[in-house]
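The values are calculated or read from the model by the stated rules, or taken from the named source; none is laboratory data. Only a predicted model underlies this, so the values are computations on that prediction, with no experimental measurement involved. Here the Cβ is made from the backbone with ideal geometry for all residues, glycine too, and neighbour counts use every protein chain on show. Heads up: the accessible areas ignore ligands, DNA and RNA and are worked out on the full protein's heavy atoms, side chains in. Shrake-Rupley method; radii C 1.70, N 1.55, O 1.52, S 1.80 Å.
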Amino acid sequence: QVQLVESGGGLVQAGGSLRLSCAASGGTFRSYAMGWFRQAPGKEREFVAAISMSGVSTYYADSVKGRFTISRDNPKNTVWLQMNSLKPEDTAIYYCAARRVLVTTLAHEYDYWGQGTQVTVSS
């Protein structure tokens, strides 16, 4: 059983930056692909970014490409989401997720989820 705990959310002005962290425990972190998803009020959960077990391969939603960067440190059991040039439409609860072995952009294919961290971008 893998436990995921997100942190780093908050309130930021448009154009600003935030760095989300996701700390994993209870499993072999390097055996899991990791993803970030977000859910805004009244909307479905959507894919943001994903990273392979080794960290070599990364994937991004078109809406965040060029602004967000996903990275991981396997010895530290941590994955990050660096968010730059934030926009009001980035406002959402951001969730970290883990999936055994294969990376995917599909939420239903992830095995474990964190509790989420709120990101609010003011205009």
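In a DSSP loop and with at most 13 other Cβ atoms within 10 Å, the GluC sites (Glu not before Pro) in the range 27-123 are 44.
About the Cα centre of the chain, how large is the charge dipole given +1 on each Lys and Arg Cβ and -1 on each Asp and Glu Cβ? Please answer in debye to the nearest 20. Spell out each step's value before the answer.
Working: 12 positive and 9 negative charges, 46 e Å.
Here the size comes out at about 220 debye.
Partner lysines whose Cα lies under 28 Å from the Cα of residue 76, excluding those fewer than 8 positions away in the same chain, are identified as 65.
Relative contact order of the range 3-58, please, whole-number percent, based on alpha carbon pairs below 8 angstrom and at least 6 residues apart.
Values: 64 pairs, mean separation 14.0, N = 56.
Taking the mean separation of contacting Cα pairs over the length of the range 3-58, I get 25 percent.
Ranked by the mean number of other Cβ atoms within 10 Å of their residues, highest first, the peptides 55-63, 72-80 fall in the order 72-80, 55-63. Before anything else, pin down the relative contact order of the chain: Cα pairs under 8 Å, at least 6 apart, normalised by residue count, whole percent. After rounding, I find 36 percent. Ranked by solvent-accessible area (1.4 Å probe, protein heavy atoms only, all chains present), the residues 81, 11, 18 order from largest to smallest as 11, 18, 81.
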